[in-house]
Amino acid sequence: MDHSRAPVLEALEAFRRRGDVVYGPPGHRQGRGADPRVVQVVGEGVFASDVLTLNGLDDRRESQGVVSQAEDLMADAVGAQKTFFSTCGSSLSVKAAMISVAGPGEKLLVSRNAHKSVVAGVIISGIEPVWVHPHFDADLHLAHPPEPADVRRALEANPDARGMLLITPTDWGTCADIAGVARVCHEFGVPLIVDEAWGAHLPFHPDLPAWGVNAGADVVVTSVHKMGGAIEQSSVFHLQGDLVDPEVLKQREDLLGTTSSSALVYLTLDGWRRHMVEQGEELLGAALQRAARLRAAVDGIEGLELMGREVVRPQGAFDLDPLALTIDVRPLGISGYQAGDWLRAACHVDVGSADACRIGVRLTHAEDDASEELLARSLRRLAAEAGDLERQPATRLPSPGSLELQNAMTPREAFFGRVEQVPIAEAVGRVVAELVSPYPPGVPVLAPGEVVSREAVEYLTSGVAAGMLVPDAADPSVGTLRVVAR
């Protein structure tokens with residue numbers, strides 16, 4: 001296929017050449033009706049590029065296939081049989097994939113370190129999740145992906161499960177054995193969905209970890225806005241094999257997706273694909289070199305402990321994304337929350353994620369000499385000045401296995417059932433009826449239907465006191481909790 005083409009961008013250029021005047025949405029009329037104060041901040045190009053596909057970039061029948069051509073080029077670029085664009089982020093894409101594999105009351109194996117969007121999909125769909133627990137690293141206090149043997153045990157115990165959903169890379173850069181898990185799933189005749197939100201870059205350089213399609217997954221969901229060059233909410237999901245019907249997948253996406261798709265997302269997805277095909281290996285090669293230099297720099301800073309390939313081992317990670325820098329700051333006597341807040345306030349450096357133990361920094365092909373030097377300099381300043389930071393109460397970190405909670409009912413039953421809000425100390429032993437997800441990364445500590453444990457309560461309450469953000473809880477202070485009514 002001709003990857004020098006970008007059908008959506010070409011359609012926008014043609015729209016402008018024709019001088020079309022639109023009498024339908026969007027109401028700002030390509031910026032003529034936008035508040036000049038807004039235009040001054042975001043630029044004229046944002047509004048000028050905000051054109052509907054239907055009766056805009058394409059005709060009312062979409063006979064030119066503008067978006068479908070772009071999707072076909074994307075599929076060809078990464079070796080998938082079929083690719084779908086989503087303008088609602090991977091939060092929508094992963095739900096569409098899930099309900100294409102399992103329906104209400106049917107079982108789906110789900111890695112328990114899934115993002116809250118996956119659990120939301122379980123609640124909405126009525127799917128019965130079979131949690132496959134990740135491997136908890138007691139030293140680092142983080143979770144590595146499940147292994148093929150874990151998936152095999154779950155399928156043997158649940159022969160009626162319709163498939164498996166695996167998360168890789170994790171929010172901290174550790175990767176699963178996708179090929180091994182895919183082989184197990186296919187041995188049992190069920191598809192593997194990979195939530196590869198952090199893996200948009202993986203197909204475009206041979207020195208990066210294997211990515212889902214190449215490793216045999218049936219559906220791969222990718223958030224291009226995270227590690228790629230498209231704007232926020234841009235997502236794609238790729239399909240291969242015959243275990244998931246492409247028409248079913250398209251219908252499920254249509255069921256959930258917006259009928260007013262953003263051309264801005266389509267435009268940047270299309271352009272990113274062309275960029276990666278033409279220059280991706282060169283750009284990502286340069287990013288890998290920068291990552292190596294930054295890793296060496298961080299290794300030389302006393303008080304910072306950079307996670308490296310020592311975690312690649314049985315019961316650990318299968319691989320590690322070298323562009324993910326996961327830095328433990330506990331030797332400095334501070335939390336990751338404090339480190340992230342200080343870097344933003346003192347250095348104008350915004351890290352990707354932070355928790356009680358560490359900060360996470362993601363490098364992309366967009367880095368340059370200035371951003372590389374700024375990060376190294378800021379981390380050196382953090383180590384030098386951390387002693388001046390006020391000491392906060394420690395988060396009571398959970399022990400291995402303590403967050404593998406008992407399931408008392410399905411997430412849907414608990415979420416939509418009769419609930420009451422009780423002081424969190426009284427919630428121990430009760431069935432939680434809401435999502436409680438420290439963010440980022442947004443992996444629920446408590447999912448609806450699970451029995452609340454004392455360790456989970458202690459982790460959440462002490463974490464909030466230390467700076468943890470829990471935005472999806474009805475009470476973000478976690479002083480109270482929604483539980484199933486007795």
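For the reader, a short list of remarks on this structure follows.
- So Ala456, is it in the same structural domain as Met468 (by TED's automatic domain parsing), over 26 Å from the mean Cα position of the chain (by Cα), aliphatic (A, V, I, L, M) and part of a helix (DSSP H, G or I): no
- Just one of the listed residues (Gly212, Gly163, Gly241) is over 30 Å from Pro25 (Cα atoms), in contact (Cβ under 8 Å) with a residue 60 or more places away in the chain and touching a Gly at 6+ places or on another chain (Cβ under 9 Å), and it is Gly241.
- If the condition is being among the charged types (D, E, K, R) and more than 10 Å from Phe204 (Cα to Cα), then the range 279-293 contributes Arg290, Arg293.
- Only listed residue being surrounded by fewer than 20 Cβ atoms within 10 Å (Cβ to Cβ) and β-branched (Val, Ile, Thr), chosen from Thr364, Thr268, Thr326: Thr364
- For Lys95, the test of being surrounded by fewer than 20 Cβ atoms within 10 Å (Cβ to Cβ) and basic (Lys, Arg) is failed.
- Residue within the range 389-407 that is assigned to a loop (DSSP other than H, G, I, E, B), surrounded by fewer than 16 Cβ atoms within 10 Å (Cβ to Cβ) and without any contact (Cβ under 8 Å) to a residue 40 or more places away in the chain present: yes
- Lone qualifier among Val452, Val428, Val445, Val436 - being β-branched (Val, Ile, Thr), under 17 Å from Ile124 (Cα atoms) and either touching a Phe, Trp or Tyr at 6+ places or on another chain (Cβ under 7 Å) or without any contact (Cβ under 8 Å) to a residue 60 or more places away in the chain (or both): Val436
- When residues of the range 376-409 are limited to those that are modelled with pLDDT of 95 or more and of a type outside the set (A, V, I, L, M, F, W, C), the one nearest to Asp350 (Cα to Cα): Ser378
- Single unsatisfied condition, Val184 versus (1) under 20 Å from the mean Cα position of the chain (by Cα); (2) β-branched (Val, Ile, Thr); (3) more than 27 Å from Leu283 (Cβ to Cβ); (4) not in a strand (DSSP E or B): (1)
- Among the residues listed as Leu54, Leu9, Leu73, the single one being farther than 27 Å from Gln240 by Cβ and surrounded by 12 or more Cβ atoms within 10 Å (Cβ to Cβ): Leu54
- Failed criterion for Gly189 (all others in (1) touching a Ser or Thr at 6+ places or on another chain (Cβ under 8 Å); (2) surrounded by fewer than 24 Cβ atoms within 10 Å (Cβ to Cβ) hold): (1)
- For the range 198-245, filtered to residues that are under 13 Å from the mean Cα position of the chain (by Cα) and assigned to a loop (DSSP other than H, G, I, E, B), the residue that is surrounded by the fewest Cβ atoms within 10 Å (Cβ to Cβ) is Glu232.
- Taking the range 332-365 as the range and being among the basic types (Lys, Arg) and farther than 16 Å from Gly463 by Cα as the test, the residues that pass are Arg344, Arg362.
- Inclusion of Ala370 among residues that are surrounded by 16 or more Cβ atoms within 10 Å (Cβ to Cβ), out of contact with any Phe, Trp or Tyr (no Cβ under 9 Å at 6 or more places or on another chain) and part of a helix (DSSP H, G or I) is not warranted.
- Any chance Val478 is part of a loop (DSSP other than H, G, I, E, B) and in contact with a Ser or Thr (Cβ under 7 Å, 6 or more places away or on another chain): yes
The values are calculated or read from the model by the stated rules, or taken from the named source; none is laboratory data. Predicted model, so just to flag it, every value in this text is computed and none were measured. So basically every Cβ, Gly included, is an ideal-geometry build from the backbone, and we count neighbours across all protein chains shown.
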